[in-house]
């Protein structure tokens, strides 16, 4: 068993891979070794995997309904064996609302990443490769978005689009792509005049093919790290919109909206606001730890600096 594992490890870490698949698996294994050596990064990964697990199995894990409560007999109850995190002002179980709220949090971060990251990657690589007026125009548009605080800009877009979780996701995505464009442009500028790209040009590849097939893949690792590190900010922005009543609308169990409804009882019934606040803290910490670990694993030179 040990000999077989050593053989597989030697095959993965071979300095002369026999195929592209072996080279890719070897790089992935080396990255995983660097990542797993960071205990805090593993803790961050465990937190995010737990978030995903809770979101998937919320129906089975939640002990009570997240939207229906006992207003007469269960209003503002403290934490107990029946209600681990207590109840809110409408008699709803806070633990159940936090569990179902994990779905909304995961929904927001995944959709924002799916929308913002490809947009930023495309704009950044096109600007960096084309140069000239194309680069100047695209980067000035990027600078305009970067000139405004993300939350303020998101508030403006949500005010124009109307409150709701879908509009909040769209507003956050619109304000999140500029940093990704900056990173993609910087990565493109470093390889635009390299021998590798020159050889691809000599083979007759079109600019579109060069950008999509040969430059964008080189930017993916840096983009993944930045997106992961930005997840905490995205969660806080979504919670801020929910706190102001512009995100998910009642009775949806969104963590920011739960804090807003519990701020009236913060002195006497502190658990109403503290429980969702703790959930935001833990998940944000998990994404930050995971992002730091991915940065060291995917870009070992950057981790040494």
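Where a number appears in this text, it was derived from the coordinates with a stated rule and is not lab data. The structure displayed is predicted, hence computed values, not measured ones. Methodologically, a virtual Cβ is constructed for each residue, glycine included, from the backbone with ideal geometry; neighbour enumeration extends over all protein chains shown.
Details
- Just so you know, the Cα atoms of region 162-305 work out to an Rg and Dmax of 20.8, 73 Å.
- Note on 35, 100, 265: ascending count of other Cβ atoms within 10 Å places them as 265, 35, 100, the fewest first.
- Residue 133 paired with residue 18, simple spin-label distance in nm, labels 7 Å along Cα-to-beta-carbon: 5.5
- Förster-model FRET efficiency, 41 Å R0, residue 189 and residue 53, C-beta, rounded to 0.05: 0.50
- Residues 14, 176 arranged by fewest to most Cβ contacts within 10 Å: 14, 176
- Cα-based helix-to-principal-axis angle, 94-130 vs the chain, degrees rounded to 10: 30
- Cα-based helix-to-principal-axis angle, 150-161 vs the chain, degrees rounded to 10: 70
- Of 37, 58, 184, the residue with the greatest mean-square motion in the GNM of the chain, using alpha carbon springs below 10 Å, is 37.
- Applying 1/(1 + (r/R0)^6) with R0 = 51 Å to the Cβ-Cβ distance of residue 37 and residue 72 gives a FRET efficiency near 0.40.
- Choice from 218, 111, 12 showing the highest fluctuation, given a GNM over the chain with Cα pairs closer than 10 Å: 12
- Inter-label distance, nm, simple model (7 Å from Cα along the C-beta direction), residue 89/residue 147: 4.1
- Crossing angle, helix 20-36 versus the chain [Cα axis fit, 0-90 degrees, rounded to tens]: 40
- Estimated distance in nm for a label pair at residue 212 and residue 8, the labels positioned 7 Å out from Cα along Cα-to-Cβ: 3.7
- Remark: 85, 145 ranked as 145, 85, counting other beta-carbon atoms within 10 Å and listing the fewest first.
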